[in-house]
1. Add -39500 (n - 2.57) for each DSSP H run of 4 or more in the chain, then divide by its residues: what number comes out at 222 nm, to the nearest 500 deg cm²/dmol?
2. Give the Kirkwood hydrodynamic radius (Å, one decimal) of region 47-138, defined as one over the mean of 1/r across all pairs of different Cα atoms.
3. Taking a ≥ b ≥ c as the square roots of the eigenvalues of the Cα gyration tensor of region 1-99, is the shape rounded (a/c under 1.5), prolate (a/b larger than b/c) or oblate?
4. Mean shadow of region 9-58, computed from the convex hull of its alpha carbons, in nm²?
5. Can you compute the modelled spin-label distance between Lys7 and Ala39, with each label point 7 Å from Cα toward Cβ, in nm?
6. Quick one: dipole size for region 10-131, taken about the Cα centre, charges +1 on Lys/Arg Cβ and -1 on Asp/Glu Cβ, in debye to the nearest 20.
7. Would you work out which of Ala45, Gly99, Ala19 lies farthest towards the positive end of the dipole of region 10-131? Charges go on Cβ: Lys and Arg +1, Asp and Glu -1.
8. Hey, if you put +1 on the Cβ of every Lys and Arg and -1 on every Asp and Glu Cβ in the chain, which of Thr86, Gly58, His132 ends up farthest toward the positive end of that dipole?
Amino acid sequence: MTAIARKYDVAEQDARNRALGRVGEERLLDHEHASLLAAGQTDLAERIRWVSHVDGDGAGYDIRSFDTDGSDRLIEAKTTNGWERTPFHITRNELAVAGVHSNDWRLVRLVRLWNFSREPRAFELRPPLEAHVSLMAVSYQASFL
């Protein structure tokens, strides 16, 4: 592997990624709410919870919504600039929660194709994620021996 040196402002990139992720989650939250209202499920629409915003990260999903039959939809939103096949990051915890709640958990990919503010595009992946994407470790935690 060849390394290429370049200037990179980690804090600035992190701030941009967080802002983009928040916009994606807001769009998804609005979509979930509108879908349940359109299906006549007002009671379920009112129970949708923006978990990552209200409770913080760590649940393994961003939004708790519902299918029209009342079953849970545990949604992890992944928003990126670029197209559908742009790589994205997923945590070990998100993968673990996907495994435990495989019937309810979904990863929703929101992509920003130059006109995200007008026409965001999205698609859904359900566990096992390994059937849809290749997972590669890009960061490691180092502990002292």
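Bear in mind that the values in this text are calculations on the coordinates, not laboratory data. Keep in mind that this is a model prediction, so the values were computed, not measured. Ideal geometry is used to build each Cβ from the backbone, glycine not excepted, and the neighbour counts take in all protein chains shown.
1. Numbers: 4 runs with 47 residues, N = 145.
Result for the chain, helices only: -10000 deg cm²/dmol.
2. Working: mean 1/r = 0.0719 Å⁻¹.
Computed over region 47-138, the radius equals 13.9 Å.
3. Numbers: a/c = 2.47, a/b = 2.16, b/c = 1.15.
Cα axes put region 1-99 in the prolate bin.
4. On the way: hull surface 15.4 nm².
If you wrap the Cα atoms of region 9-58 in a convex hull and average its projections, you get 3.9 nm².
5. So the label points at Lys7 and Ala39 sit 5.1 nm apart.
6. On the way: 17 positive and 21 negative charges, 89 e Å.
Here region 10-131 has a charge dipole of around 420 debye.
7. Projecting each Cα onto the dipole axis, the largest value belongs to Ala19.
8. Ranked along the dipole, the leading option is Thr86.
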